[in-house]
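**Student:** Mind looking over this structure? Questions follow.
The values are calculated or read from the model by the stated rules, or taken from the named source; none is laboratory data. The structure displayed is predicted, hence computed values, not measured ones. Backbone-built Cβ (ideal geometry, glycine too); neighbour counts: all protein chains shown. The protein model used for the area step is the full one, side chains on, heavy atoms only, and it has no ligands, DNA or RNA in it. Shrake-Rupley method; radii C 1.70, N 1.55, O 1.52, S 1.80 Å.
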Amino acid sequence: MILNRKTAEAGDDHARRDLRLGVYVQVPFCQTKCTYCNFHTGVVAAGRFAPYVEAVCREIRGWREFYRGAGVGLPARFEKAVADTVYFGGGTPSLLEAELLGRMIEAIRETFASGLSEVTLEADPETVTAEKAAAWVGTGINRVSFGVQSFSDRELAAAGRMHRRADIYRAAEILRDVGIRNVSFDLIAGLPWQTAESWRESLEELGRLGPEHVSVYLLEVDEGSRLGLEILQNGTRYSAGAVPSDDAMAEFYGTACAFLGERGYHHYEISNWSRPGFESRHNLKYWRREAYLGFGAGAHSFSGEQRWANAHDAAGYLGAIEARRLPVEQVESVTRESALEEELFLGLRQLDGIDLARIEREYGVSLADRFEGLESTGLIERDGRIVRLAPARLSVSNEVFVELMK
């Protein structure tokens, strides 16, 4: 596929606009490893937290020098970048004392022109106390993303979660009491022992608590998690034999779509719903291919021209930062062809769809042939120049993306 200079011109126009930067901070520590988890996280003593946070602060404050030494080149527009969203992910960032979280937020404020509108903390319900929550608010945290996963104690125990149903209700009340008005709940469709009845009950209980934002994920089965590997090997540990079928998971997802829609949630991305105005501003940057910088072990970054990631090992990361070098594992230039692929893949994840005319104009290509077959089989639908996934086929979106990228 040949792309003409319109792409470069579009890039120049983009470069002239003010850069609203997202900042991601990776906290790779957990209390325990959930059976379905395929993330690079570890269970460590609390004494390891402060040295890690200090290393992250050093990376944030010295980002230009660290990137230069790692061979990362940033566009000129980064010189006047404004950080407007921060996301603490993990792992379980809520394990950290508020004072440590505050140090990192302060480093971001000192380093970047800062107009923080959204500061998100991922939290597990059992880690929330009234004292900690009040202190979070004092640091500037104004959004909490809860790893609820289920309201069934049996499902939570089988998945290796530390919290139980009562902890969710207790933690949600604490957050409201301290003034946090932007709360997101994660649910997983496909946990061991989950049934249509228990899934419906989890949705009903979520509805009673009324979070502003909801994420629903299908259980991932791969060799990167203990449960996934057990399923692939036809084993029985970790309740592998009690995992619902793919068809059941698709039905659970459909039930969630209907339930949340009936209660006024806007379905704006395949896995995400929100009350009006409560979309995740930070995550929208990922799906819209906007710039973000990631700090900490395993954190990923995107400048618009390059993607890169820090090494995952927390101890190795700490040692490298102390030696004044950034342990970047990979620096990948984004070609015009790969940028186009990302526009299509990430654009279709958003329920508003993609403006096909805009993409064809900016990239100087014709995409009619790519979508013709998908439209004829009912996987996508067109509304003038807008192309989007067919609502009834969202649960098989991966099939659409595979066909689209051929």
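**Student:** Please give the contour-minus-distance gain from ARG281 to GLU322: 0.36 nm per residue of separation, less the Cα-Cα distance, rounded to one decimal in nm.
**Tutor:** 11.5 nm
**Student:** To the nearest 0.05, how large is the calculated FRET efficiency for HIS300 and GLN31 if R₀ is 22 Å and r is the Cβ-Cβ distance?
**Tutor:** Step by step, r from the Cβ atoms, then E = 0.35.
**Student:** Can you give me the long-range amide H partners of LEU19? Hydrogens built in the peptide plane at 1.01 Å from N, cutoff under 5 Å, separation of 5 or more residues or another chain.
**Tutor:** The list, which skips near neighbours in sequence, is VAL82.
**Student:** Using the Karplus curve 6.51 cos²θ - 1.76 cosθ + 1.60 with θ = phi - 60°, what ³J(HN,Hα) values do you get for each residue of region 378-385, in whole Hz, with x for Gly and Pro?
**Tutor:** Computed from phi, the couplings for region 378-385 are x, 7, 10, 9, 10, 10, x, 8 Hz.
**Student:** List, largest first, the extents of the alpha carbons of region 37-181 along their principal axes, each in whole Å.
**Tutor:** Projected onto its principal axes, the Cα set of region 37-181 covers 52, 32, 27 Å.
**Student:** Where in region 345-389 does the label zone of SER338 land, with the point 7 angstrom along Cα→C-beta and an amide N cut-off under 20 Å?
**Tutor:** Taking a point 7 Å out along Cα→Cβ of SER338, the residues of region 345-389 whose backbone N falls under 20 Å are 345-349, 363-364.
**Student:** From the P(r) of region 218-302, could you give the percentage of C-alpha pairs in the tail past 19 Å?
**Tutor:** I get 61 percent for the Cα pairs in region 218-302 exceeding 19 Å.
**Student:** Set the Förster radius R0 to 51 Å, insert the Cβ-Cβ distance between TYR169 and GLU329 as r into 1/(1 + (r/R0)^6), and round the FRET efficiency to 0.05.
**Tutor:** Approximately 0.80, to the nearest 0.05.
**Student:** Can you list the residues, at least 5 places off or on another chain, whose amide H is less than 5 Å from the amide H of PHE185, using H built in the peptide plane?
**Tutor:** PHE146, HIS213, VAL214, SER215
**Student:** Next question, about the same structure. Using a Gaussian network model on the chain with a 10 Å cutoff between Cα atoms, which of LEU100, LEU318, LEU232 fluctuates the most?
**Tutor:** Residue with maximal mean-square fluctuation among LEU100, LEU318, LEU232: LEU232.
**Student:** How big is region 105-250 along each principal axis, measuring the range of its Cα positions in Å and listing the largest first?
**Tutor:** Principal extents (largest minus smallest coordinate, Cα): 52, 34, 25 Å.
**Student:** Taking all pairs of different Cα atoms in region 311-358, averaging 1/r and flipping that mean, what Kirkwood radius in angstroms comes out?
**Tutor:** Evaluated on region 311-358, it is 13.8 Å.
**Student:** I've got another one for you. What is the distance, in nm, between label points placed 7 Å from the Cα along the Cα-to-Cβ direction at ASP246 and at ILE386?
**Tutor:** Output for this residue pair reads 3.1 nm.
**Student:** Return the Rg/Rh value of region 305-406, two decimal places, where both radii are evaluated on C-alpha atoms and Rh is the Kirkwood radius.
**Tutor:** 1.17
**Student:** Also, quick follow-up: Taking springs between alpha-carbon atoms closer than 10 angstrom, which of ILE231, ILE168, ILE141 fluctuates most in the Gaussian network model of the chain?
**Tutor:** Per the Cα network of the chain with a 10 Å cutoff, ILE231 tops the list.
**Student:** Please report, to two decimal places, log10 I(q)/I(0) for region 205-247 at q = 0.16, 0.28 Å⁻¹ as given by the Debye formula with identical point scatterers on the Cα atoms and no solvent.
**Tutor:** -0.56, -0.94
**Student:** Over the alpha carbons of region 265-342, what is the largest minus smallest coordinate on each principal axis, giving the biggest first in Å?
**Tutor:** 47, 30, 16
**Student:** Once the convex hull of the alpha carbons of region 78-122 is built, what does its volume come to per residue, in cubic angstrom?
**Tutor:** About 66 Å³ per residue, rounded to a whole number.
**Student:** Take ARG324, ARG61 and sort them by solvent-accessible surface of the protein heavy atoms, 1.4 Å probe, largest at the top.
**Tutor:** Result, largest first: ARG324, ARG61.
**Student:** So, one more: If you count the DSSP beta bridges with both ends in the chain, what percent of them are antiparallel, to the nearest 5?
**Tutor:** 40 percent
**Student:** Work out the P(r) tail for region 143-187: percent of alpha carbon pairs separated by more than 12 Å, whole number.
**Tutor:** Summing the P(r) of region 143-187 above 12 Å gives 58 percent of all pairs.
**Student:** Another question about this same structure. For region 111-179, take N as its residue count and report Rg(C-alpha) divided by 2.2 N^0.38 Å.
**Tutor:** 1.27
**Student:** Considering only protein heavy atoms and a probe of 1.4 Å, how much of the accessible area of the chain is carbon and sulfur, as a whole percent?
**Tutor:** In the chain, the share of accessible area belonging to carbon and sulfur is 48 percent.
**Student:** May I ask you to compute the full-extension gain from ARG176 to THR129, defined as 0.36 nm times their residue separation minus their alpha-carbon distance, rounded to one decimal in nm?
**Tutor:** Gain on stretching ARG176 to THR129: 15.7 nm.
**Student:** For region 218-363, compute Rg over Rh where Rg is the Cα radius of gyration and Rh is the Kirkwood radius from the inverse mean 1/r over Cα pairs.
**Tutor:** In region 218-363, Rg relative to Rh is 1.05.
**Student:** Name the cysteines of the chain that stand alone by the Cβ rule: no other cysteine Cβ under 4.7 angstrom.
**Tutor:** CYS30, CYS57, CYS257 - these cysteines have no disulfide-compatible partner (Cβ-Cβ under 4.7 Å) in the chain.
**Student:** Please list, in chain and number order, the residues 5+ apart from ILE380 or on another chain whose amide H is under 5 Å from its amide H, with Hs placed from the backbone.
**Tutor:** Sorted by chain and number, the residues that satisfy this are GLU375, ALA390.
**Student:** While we're here: Tell me the label only: which of (1) 58, 55, 43; (2) 83, 49, 38; (3) 88, 50, 44 is Cα extents along the principal axes in Å as calculated from this structure?
**Tutor:** Label (1) holds the value from this structure.
**Student:** As a test of the formula, what do you get for the chain when each DSSP H run with n ≥ 4 contributes -39,500 (n - 2.57) and the sum is divided by the residue count, at 222 nm and rounded to the nearest 500 deg cm²/dmol?
**Tutor:** Rounded to the nearest 500, it is -12500 deg cm²/dmol.
**Student:** Which values of log₁₀ I(q)/I(0), to two decimal places, follow from the Debye formula for region 142-221 at q = 0.10, 0.25 Å⁻¹ with a uniform point scatterer at every Cα?
**Tutor:** Ignoring solvent entirely, the Cα scatterers give -0.22, -1.27.
**Student:** Name the residues of region 258-278 whose amide N is less than 15 Å from a point 7 angstrom out from the Cα of ARG200 along the C-beta direction?
**Tutor:** Answer for this model: 258-260.
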